[in-house]
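Written out below as structure tokens is the structure these notes cover.
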Amino acid sequence: MIHPSTTNHQPAASPTANSAASCHSPEQSLQAVVQGRLLILLFLALAVWGWPLRSSLRAQDEHKKVPVIDKITSGAPTQQEFVGIVKSVDLESEVLNVDNITGKSTEFFPLKKKVHVVTADGDKLKLATLKPGTKVLVYFDQKGDRRTITLIEVLTGGPPKKKTPPS
């Protein structure tokens, strides 16, 4: 039987471990702890300060559209209107060509056969009744670069008629 006082459960300390522990003074170990804590605080401060900056920079990177084009290419459809004079109606190609009231610009609208055409009084008309020279108010949805006419309102009775001179 082995006597309990002769067994040593702890390994013998090596001379290098004792010398390493004796090299550091309490001031040096305190300085190392303070430096470690400062590094942690600095890291946390940079992380907290940099997080909002990172997200705002990412938001700027994602939005690379030109502001003027952004209105045209935005995702949600916008309801708009255009007042002008019918220049041409092509039912075969399904295109409505309308001049601005001032005549300075022309707009092209895609036509569907189911587009509702009404007078200013609310009376329904056929799409074929639209003739060049008719003053109209075109209501349409703009989604991206696509237009969809929702309603065409005829503001005048049709193209201006030539007046006959009194006889």
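Here are some notes:
- Residues whose placed amide H lies under 5 Å from that of Arg147, excluding near-sequence neighbours: none
- Sum of side-chain charges, Val115 neighbourhood, beta-carbon under 11 Å (Lys, Arg +1; Asp, Glu -1): +3
- Charge context of Thr150, other residues only, Cβ under 14 angstrom, K/R +1, D/E -1: +2
- Across region 117-131, computed HN-Hα scalar couplings (Karplus, 6.51 cos²θ - 1.76 cosθ + 1.60, θ = phi - 60°) run 10, 9, 8, 5, 7, x, 6, 7, 10, 7, 4, 5, 6, 5, 10 Hz from first to last residue, x flagging Gly and Pro.
Every number in this text was worked out from the coordinates using simple rules, so none of it is lab data. Everything numeric here is computed off the predicted structure, so don't read it as measured data. For neighbour counting, all protein chains shown are included, and Cβ atoms are generated from backbone atoms with ideal geometry for every residue, glycine included.
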